[in-house]
Amino acid sequence: MSKFDDLIKEPNLLDLSKKIFNAVLNEDFFVENKSIELSPSLYEAETINFIIADGLGSKNIEKIDSKLNNLNSGSINSTFPSSTNVALSTINLVTEPINTGILSYFQFDKKKYGLINALNWSKENEEMLNEDFFIKNKTIWNIFKEKNIFSNNVQPKDLENSALSNYLYRDSHQINYKDEEELIDLIENSSLLENRFNFIYYPKIDISAHLFGVGSDEWINEIKIFENIVDKINNSSIKKTYTLISADHGLTNIDEKNRYILNYPDTVNVYGDQRTVYINGPEEEVLKVFEKIPGKIIRKEDLELLLGENDNGYIDRLYPEFCFLVEKGNIIFPEHLKANLVGHHGGLTDEEMKIPLIELSNF
């Protein structure tokens, strides 16, 4: 039995997305392999809202007095790795990371582009997203358009027309907001939420957790601001509305003493996430690079259990040869990352992996 069996058997963000989108479509369009118990209101609603609050981990909010805890009907797992771009790709393409082509925060293309920041693509490597593998992938927004379902995709203005957004949100009716005040104004003074489906992405909880840490005054203040937005959303529509709030991941705080700066030869590529590290290179050299870092190497057979089995020749370009899972409370810094943050994610701890199922309805 694999050490990852429990993780694989438990429902995750992909399973939640299938359930939500099947309800929106009012048909069993996606095969639901795992059971998630949600309110019957999901199927009775005229309007369905799906909100991703970046960084709103279940284990994180359990530690504070938040009304969100009273609305939380359970938790599921994030994606592997527990990273924003992997999670958003999984939601919008409604498939495993192995099929979206977004396998981690940083990717490495062995054929042409080398190291890629797959959250903030550069002008040089964003051309990769124009290759057939990515262009042929169908988004949920393509499906809604084909089926004449009216929907909104509500995003922060600074993400407008980014390479990743253009890939994930093809054919969506995208509405951008500058800050939380403008988001509230849109909610209260427009027919924004009167469609069949609305997707809202909210990033500021994650930002405060990265900069100041989970449990900090700044982080708690962002939770309160988000609670106010949730109240506005729940009371804004004249239609029978169901709202599901979840997250892309949670975060864990890491002390400075447990941060490891990596040194490695040119024959070794280090990328992925700082807590789920992807590596290419000769095994002997890879083991030497990580010999003093708390954690464990996993090889292809275990990695395929988590990412999905690679049966597409294109993905060979991106598929790592090794993965190093950094032990809880520790983090690595490869050569391309220097930011001295407090909160981190990408790993397999409950703080990072468990995301909430917060349900509201106005009927």
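Of all residues being under 23 Å from the mean Cα position of the chain (by Cα) and over 28 Å from residue 257 (Cα atoms) in the range 292-304, which is surrounded by the most Cβ atoms within 10 Å (Cβ to Cβ)? Just the residue, please.
303
Pairs needed: first member in the range 98-112, touching a residue at least 12 places away in the same chain (Cβ under 8 Å) and charged (D, E, K, R); second member anywhere, part of a loop (DSSP other than H, G, I, E, B) and surrounded by 23 or more Cβ atoms within 10 Å (Cβ to Cβ); C-beta distance under 8 Å; at least 6 residues apart or different chains.
109/318; 110/318
Take the residues in the range 88-131 that are hydroxyl-bearing (Ser, Thr, Tyr) and touching a Pro at 6+ places or on another chain (Cβ under 8 Å); name whichever of them is nearest to residue 313 (Cα to Cα).
It comes out as 104.
Give the range 27-42 a look and list any residue that's of a type in the set (Ser, Thr, Tyr) and either part of a helix (DSSP H, G or I) or open to solvent by 70 Å² or more (accessible area, probe 1.4 Å) (or both), or say none.
Passing the criteria: 35, 41.
Is it the case that some residue within the range 93-110 is open to solvent by 40 Å² or more (accessible area, probe 1.4 Å), on the phi < 0 side of the Ramachandran plot and polar (S, T, N, Q)?
yes
Exactly one condition in (1) open to solvent by 40 Å² or more (accessible area, probe 1.4 Å); (2) of a type outside the set (S, T, N, Q); (3) in contact with a Leu (Cβ under 8 Å, 6 or more places away or on another chain); (4) at pLDDT below 95 is false for residue 307; which is it?
(1)
When you look at residue 253, is it within 22 Å of the chain's Cα centre (by Cα), in contact (Cβ under 8 Å) with a residue 40 or more places away in the chain, over 30 Å from residue 198 (Cα atoms) and open to solvent by 60 Å² or more (accessible area, probe 1.4 Å), yes or no?
yes
So which residues in the range 328-347 are modelled with pLDDT of 95 or more and in contact with a helix residue (DSSP H, G or I) (Cβ under 9 Å, 6 or more places away or on another chain)?
Within the range 328-347, 328, 329, 330, 331, 341, 342, 343, 344, 345, 346, 347 qualify.
Can you spot a residue in the range 11-26 that is crowded, with 22+ Cβ neighbours inside 10 Å and on the phi > 0 side of the Ramachandran plot?
no
Within the range 170-217, how many residues are open to solvent by less than 30 Å² (accessible area, probe 1.4 Å) and part of a loop (DSSP other than H, G, I, E, B)?
5
Considering only the range 136-161, state which residues are open to solvent by 80 Å² or more (accessible area, probe 1.4 Å) and assigned to a helix (DSSP H, G or I).
145, 146, 157, 158
Sort through 342, 289, 277 and tell me the only one that's under 23 Å from the mean Cα position of the chain (by Cα) and open to solvent by 10 Å² or more (accessible area, probe 1.4 Å).
Testing whether each residue is under 23 Å from the mean Cα position of the chain (by Cα) and open to solvent by 10 Å² or more (accessible area, probe 1.4 Å) leaves just 342.
Check every one of the strands (runs of 3 or more DSSP E) wholly within the range 43-134 and list those with 2 or more residues that are at pLDDT 95 or above and of a type in the set (Val, Ile, Thr).
The qualifying strands (runs of 3 or more DSSP E) are 47-53.
Within the range 212-224, is there a residue that is modelled with pLDDT of 95 or more, at positive phi and within 24 Å of the chain's Cα centre (by Cα)?
Yes: the range 212-224 contains one or more residues that are modelled with pLDDT of 95 or more, at positive phi and within 24 Å of the chain's Cα centre (by Cα).
How do the pairs read when you match residues in the range 278-305 that are farther than 28 Å from residue 10 by Cβ with residues anywhere that are of a type in the set (Ser, Thr, Tyr) and assigned to a loop (DSSP other than H, G, I, E, B), using Cβ under 7 Å and keeping only pairs 6 or more apart or on different chains?
Matching pairs, first to second residue: 281/267; 282/267; 285/267; 289/264.
The values are calculated or read from the model by the stated rules, or taken from the named source; none is laboratory data. Treat the numbers as computed from the prediction; the structure is a model and nothing was measured. Heads up, the Cβs are rebuilt from the backbone with ideal geometry, glycines too, and the neighbour counts pull from every protein chain shown. Note: accessible area is taken over every heavy atom of the protein model, side chains too, but ligands, DNA and RNA are not part of it. Shrake-Rupley method; radii C 1.70, N 1.55, O 1.52, S 1.80 Å.
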